[in-house]
Amino acid sequence: MILWTKQFETGSEQLDQQHQMLIDHINLLEEQLQNPNPSREETAFAMHLVDYLEAYATVHFKDEEKCMESHRCPSCAQNRREHERFRGFIHNYKRLCELEGFKMDLLKNLHGLIQNWIQGHILKIDTQLRPCIPPIPQSGSHAAP
Ligand SMILES: [Fe+2]
Ligand SMILES: [Fe+2]
């Protein structure tokens with residue numbers, strides 16, 4: 001379970017909201033995996049959540065890469081490389097499911113990987129954006145002459 005804290009803030013409200021959405025779904029996946037004897041519907045729902053996470057992450061990565069580029073964030077290239085790694089986890093998981101058939105353990109491993117990755121990635125890479133984004137001026141603090 002990942003708990004959102006201010007440490008995750010990137011300086012971009014849009015990216016923070018997307019991160020919260022990703023975290024909510026990773027936590028939801030964890031909840032789904034807690035049942036030791038899931039029904040067919042529950043298993044299908046958990047697999048569907050992975051597809052959703054993959055699609056949502058793709059949109060988020062694009063927005064974030066664009067944002068880092070436009071603010072000339074020095075972590076831009078590293079961010080892109082790490083996003084590729086994330087896509088690799090999902091790709092490998094799907095490949096293994098094709099080869100070996102779906103197993104709940106595979107999904108649990110994937111969840112663990114994604115959970116650790118997202119926390120580390122936001123804290124180490126995405127938050128590098130914070131000092132690159134100029135602060136929004138407080139309204140009223142600079143009254144026009
Ligand atoms: Fe990122
Ligand atoms: Fe991100």
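Some observations on this one:
- Summarising the label geometry, the points placed 7 Å from Cα in the beta-carbon direction at Lys94 and Lys124 lie 2.6 nm from one another.
- Acute angle (nearest 10 degrees) that the helix 13-32 long axis makes with the longest principal axis of the chain, alpha-carbon atoms: 20 degrees
- Neighbour-count order for Arg72, Arg85, fewest beta carbons within 10 angstrom listed first: Arg72, Arg85
- Normalised by 2.2 N^0.38 Å, with N the number of residues, the alpha-carbon radius of gyration of the range 86-125 equals 1.27.
- Histogram of C-alpha separations across the chain, 5 Å bin width, %: 2, 9, 18, 20, 17, 12, 9, 6, 4, 2, 1, 1, 1, 0, 0
- Per-pair calculated FRET efficiency, R0 = 41 Å: Gln138 and Met47 via Cβ, rounded to 0.05: 0.30
- Tail weight of P(r) past 16 Å, computed on alpha-carbon pairs of the range 65-145, percent: 63 percent
- Euclidean distance of C-alpha centroids, the range 75-110 and the range 14-40, integer Å: 16 Å
- 0 to 90° range, to nearest 10: angle between helix 76-100 axis and the chain longest Cα axis: 10 degrees
- For the chain, averaging the sequence separation of C-alpha pairs within contact (under 8 Å, six or more residues apart) and dividing by the residue count gives a relative contact order of 38 percent.
- Comparing the range 48-87 with the 2.2 N^0.38 Å rule of thumb, its C-alpha radius of gyration ratio is 1.24 (two decimals).
- Taking every DSSP helix (H) stretch of at least 4 residues in the chain, weighting each as -39,500 (n - 2.57) and dividing the sum by the residue count yields a mean residue ellipticity at 222 nm of -23500 deg cm²/dmol.
- Given +1 at the Cβ of Lys and Arg, -1 at the Cβ of Asp and Glu and no other charges, the dipole of the range 9-145 around its Cα centre is 460 debye to the nearest 20.
- Proximal lysines relative to Lys124, as straight alpha-carbon distance under 23 Å, when same-chain residues fewer than 8 apart are discounted: Lys6, Lys62, Lys66
Every read-out reported here was derived from the displayed coordinates using simple, explicitly stated rules and does not represent laboratory data. Fair warning: this is a prediction, and the values are worked out from it, not measured in the lab. Here Cβ is always computed from backbone atoms with ideal geometry, including for glycine, and neighbour counts include all displayed protein chains.
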